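Quick notes on the structure that follows.
The values are calculated or read from the model by the stated rules, or taken from the named source; none is laboratory data. Values in this document were obtained by computation on a predicted structure and should not be read as measured data. Positions of Cβ are generated from backbone atoms using ideal geometry, with glycine treated the same way; all protein chains shown enter the neighbour counts.
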Amino acid sequence: MPDLLYPNPYVRILMCVRQRLNNWNYANHSAPFWRFYWNPLPDAYVILHGRETYLSPDTCYALPPNTPFGSRNTRETEQFYMHFLARAPYDTVEPGVYAFPLTGTIRQAIDFLSSSFHRSAPRAARAQAGVWAHLLACLSLGAVPEEKLGLVYTDPRIARAIDRIEETVELGNEELAGEASMNVNAFIRLFKEQTGVTPQSYIQKKKIEKACVLLHFTDKTIDEIADKTGFCDRYHFSRVFRRQRGLGPAAFRKIRA
């Protein structure tokens with residue numbers, strides 16, 4: 001199949017919320033998904049590399065996956081936020097706070113999502129909410145300068161392998177190499193040349209990213225999440241999670257927005 005002229009970023013919306021904020025004082029929100037913020041009221045800040053960014057009511061802000069930012073507010077305020085996923089090259093964008101202006105269309109999208117993006121809404125309203133949410137996500141991705149984008153896999157065999165890993169993390173080197181019609185050792189070498197890591201290191205990273213999403217957006221227990229992401233037990237899962245994220249699964253689950 002020929003390459004698409006306009007590759008699909010495969011956006012997946014995880015959460016849309018509009019809420020009052022009393023205490024948004026966190027040292028580190030780092031997580032493997034995108035965040036979109038709009039604060040209609042003043043007095044909220046994000047902090048990255050020691051620099052504070054005031055969240056202006058006339059501006060929207062997008063923060064890429066694994067951006068190690070903190071946040072603060074000193075009085076009650078209000079916030080609309082959205083979490084979402086996107087595939088390469090938008091899964092490894094350089095950490096930063098990417099701003100773009102609030103427009104009438106964006107405000108229309110936020111107003112609709114604030115009242116309609118929930119499971120009990122009528123099917124037609126949820127379908128329309130999905131369109132608005134994807135619009136906000138794509139505008140967030142579009143705010144990223146080209147030079148800040150992540151890796152683009154030039155070899156189509158590795159690009160296909162990455163897509164397969166996105167579909168399921170339960171893959172071995174032999175299966176991936178076979179699907180690429182390559183010798184296993186040659187596939188591993190090429191994969192590392194393209195991504196900087198071995199296939200199994202990449203898969204383990206994706207397992208932890210999947211676990212992060214389950215921790216934030218489901219009520220599954222840590223044992224259930226360990227099993228669902230292919231770890232033999234919660235203790236092995238917790239060790240790997242802490243090594244990759246710098247904190248344990250239970251502590252990560254407590255970080256919100």
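Could you tell me which of the residues LEU5, LEU102, LEU55, LEU41 is modelled with pLDDT under 95, of a type outside the set (D, E, K, R), farther than 23 Å from ARG245 by Cβ and surrounded by 15 or more Cβ atoms within 10 Å (Cβ to Cβ)?
From the options LEU5, LEU102, LEU55, LEU41, the qualifying one is LEU41.
Being in contact with a His (Cβ under 9 Å, 6 or more places away or on another chain) and either at negative phi or not hydroxyl-bearing (Ser, Thr, Tyr) (or both) is the requirement here; does ALA31 meet it?
Yes: the conditions hold for ALA31.
Spot the failing condition for ARG20; the list is (1) surrounded by fewer than 15 Cβ atoms within 10 Å (Cβ to Cβ); (2) at pLDDT 95 or above; (3) touching a strand residue (DSSP E or B) at 6+ places or on another chain (Cβ under 8 Å); (4) among the basic types (Lys, Arg), and only one is missed.
Unmet for ARG20, out of (1) surrounded by fewer than 15 Cβ atoms within 10 Å (Cβ to Cβ); (2) at pLDDT 95 or above; (3) touching a strand residue (DSSP E or B) at 6+ places or on another chain (Cβ under 8 Å); (4) among the basic types (Lys, Arg): (2).
Pairs, please: C-beta under 9 Å, at least 6 apart or cross-chain, first residue closer than 15 Å to TYR54 by Cα and assigned by TED's automatic domain parsing to the domain that holds GLU209 and in the range 70-88, second β-branched (Val, Ile, Thr) and assigned to a strand (DSSP E or B)?
Every condition considered, no pair remains.
Report the residue count in the range 111-138 for those that are closer than 20 Å to ALA86 by Cβ, in contact with a helix residue (DSSP H, G or I) (Cβ under 7 Å, 6 or more places away or on another chain) and modelled with pLDDT of 90 or more.
Residues in the range 111-138 being closer than 20 Å to ALA86 by Cβ, in contact with a helix residue (DSSP H, G or I) (Cβ under 7 Å, 6 or more places away or on another chain) and modelled with pLDDT of 90 or more: 6 in total.
Of all the residues that make up the range 206-243, how many are free of Cβ contacts under 8 Å to residues at least 40 places away in the same chain and either under 30 Å from TRP38 (Cβ atoms) or outside any helix (DSSP H, G or I) (or both)?
Residues flagged as free of Cβ contacts under 8 Å to residues at least 40 places away in the same chain and either under 30 Å from TRP38 (Cβ atoms) or outside any helix (DSSP H, G or I) (or both) within the range 206-243 amount to 10.
Restricting the range 54-110 to residues that are part of a loop (DSSP other than H, G, I, E, B) and among the aliphatic types (A, V, I, L, M), which is nearest to ASP163 (Cα to Cα)?
That would be ALA88.
Report, by residue number, each residue of the range 164-187 that is within 20 Å of the chain's Cα centre (by Cα) and either assigned to a loop (DSSP other than H, G, I, E, B) or without any contact (Cβ under 8 Å) to a residue 24 or more places away in the chain (or both).
ARG164, GLU167, THR168, VAL169
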